[in-house]
Amino acid sequence: MRDELTQWIELHVEHNIPSTLLILSRIIAAGEPISHMQQFNADALQATINSLPENLVNEATLRLAEVSGTATSKQKLEVLEEQEELIEDEDAQEKKSKSEELKSEELKSEAKSEELKSEAKSEELKSEAKSKETKADAGQDKLS
């Protein structure tokens with residue numbers, strides 16, 4: 001365990017690998033059987049990076065480049081465009097969700113309205129039946 005910690009510190013300090021990537025790689029590697037002799041290596045880190053979404057990798061690469069002072073305007077522009085695209089996708093998804101929610105509420109409202117109409121019609125029929133029954137009773141009383 002101390003060896004792994006030493007490797008993490010070396011990778012983070014000497015090779016400028018972000019600690020979040022080290023943690024993510026460890027999480028992914030946790031699902032695999034680990035022997036005592038197995039050590040954290042560049043292959044595990046590469047596998048972790050490859051499993052991350054492209055926009056996250058590009059953003060991390062840009063931040064690394066900014067820290068080292070080698071970031072280009074093109075890299076910044078690409079990351080900003082990706083973020084803008086994600087925001088637009090999220091907005092579209094949100095609008096779709098709200099639209100579906102409104103449709104659902106509308107359907108519920110229509111169903112409730114139909115139910116109330118049905119109940120009103122039922123009450124009206126009952127009232128008419130009682131009225132006819134009352135008239136029939138009144139007619140029989142007159143005959144008696």
(request) From the list GLU101, GLU119, pick out the single residue that is open to solvent by 100 Å² or more (accessible area, probe 1.4 Å), acidic (Asp, Glu) and over 30 Å from GLU14 (Cα atoms). (result) GLU101
(message) Quick check on segment 86-95. Is at least one of its residues in contact with a helix residue (DSSP H, G or I) (Cβ under 8 Å, 6 or more places away or on another chain), at pLDDT 80 or above and either surrounded by 10 or more Cβ atoms within 10 Å (Cβ to Cβ) or within 23 Å of ILE23 (Cα to Cα) (or both)?
(response) yes
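The values are calculated or read from the model by the stated rules, or taken from the named source; none is laboratory data. For clarity, every value in this text was computed on a predicted model and none was experimentally measured. All Cβ positions, glycine included, derive from the backbone under ideal geometry; neighbour counts span all protein chains shown. Accessible surface areas use protein heavy atoms only, side chains included; no ligands, DNA or RNA. Shrake-Rupley method; radii C 1.70, N 1.55, O 1.52, S 1.80 Å.
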